[in-house]
Amino acid sequence: NNPRETTLEKNIRLFLESHNIKHDCQHIINNKFCVDFYLERQNIIIEALGDYWHGNPIKYNDSNISDIQRKNKNKDKARFAYLNKCGYKVFGIWENDVNADIEKAMKPVIDCIRTLETDITDTLTGV
């Protein structure tokens with residue numbers, strides 16, 4: 001376990017572990033970015049987005065965000081675009097959503113995994 005792991009990261013890690021989803025924490029991608037979670041088999045990246053530091057639009061709009069929030073939002077946008085362009089499936093999971101209902105917050109990731117697993121099975125069985 002990472003001693004610098006945030007509560008949000010811990011909650012997502014525990015969710016992944018409880019669903020037997022193999023993952024790496026704090027994984028380096030292309031010697032360029034350190035991502036919160038990497039699911040190698042599915043080529044999925046999960047980023048834990050703290051509401052304050054990443055400027056959750058549900059809580060902050062562009063007229064009331066700080067300079068650091070604006071900077072982080074711009075960095076996130078560029079980073080996600082780069083990672084998507086490299087072929088990764090990237091999911092940003094908001095702190096607010098995890099705190100409200102982690103199953104619902106993680107549903108897009110689970111759905112993606114199920115689709116990929118079905119595609120792999122179909123390919124292997126010739127369906």
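The values are calculated or read from the model by the stated rules, or taken from the named source; none is laboratory data. All of these numbers come straight from a predicted model, not from anything done at the bench. Cβ: placed from backbone, ideal geometry, glycine included. Neighbour counts: every protein chain shown. Only protein heavy atoms, including side chains, enter the accessible area calculation; ligands, DNA and RNA are left aside. Shrake-Rupley method; radii C 1.70, N 1.55, O 1.52, S 1.80 Å.
Would you work out which of S63, L116, P3 lies farthest towards the positive end of the dipole of the chain? Charges go on Cβ: Lys and Arg +1, Asp and Glu -1.
It is S63.
Would you list L39, L14 from the most to the least accessible area, probe 1.4 Å?
Highest to lowest solvent-accessible surface, that is L14, L39.
Leaving out ligands, DNA and RNA but keeping every protein chain, what accessible area does D111 have, in Å² rounded to the nearest 10, with a 1.4 Å probe?
Spelled out: D111, probe radius 1.4 Å, area about 50 Å².
Probe radius 1.4 Å, ligands and nucleic acids ignored: give me the carbon and sulfur share of the accessible area of the chain as a rounded percent.
Using a 1.4 Å probe with all protein chains present, the chain comes out at 50 percent carbon and sulfur.
Would you list E40, E9 from the most to the least accessible area, probe 1.4 Å?
E40, E9
Please list Y60, Y88 in order of solvent-accessible area, largest first, computed with a 1.4 Å probe with all protein chains present.
Correct descending sequence by accessible area is Y60, Y88.
Below 19 Å Cα-Cα, how many Lys pairs turn up in the chain? Only count pairs eight or more apart in sequence, or on different chains, if you could.
Lysine pair count for the chain: 24.
By how many degrees, between 0 and 90 and to the nearest 10, does the Cα long axis of helix 7-18 differ from the longest principal axis of the chain?
Computed tilt is about 10 degrees.
With runs of 4+ DSSP H residues as the only contributors, calculate the mean residue ellipticity of the chain at 222 nm using -39,500 (n - 2.57) per run, divided by the residue total and rounded to the nearest 500.
Estimated from H runs of four or more residues: -17000 deg cm²/dmol.
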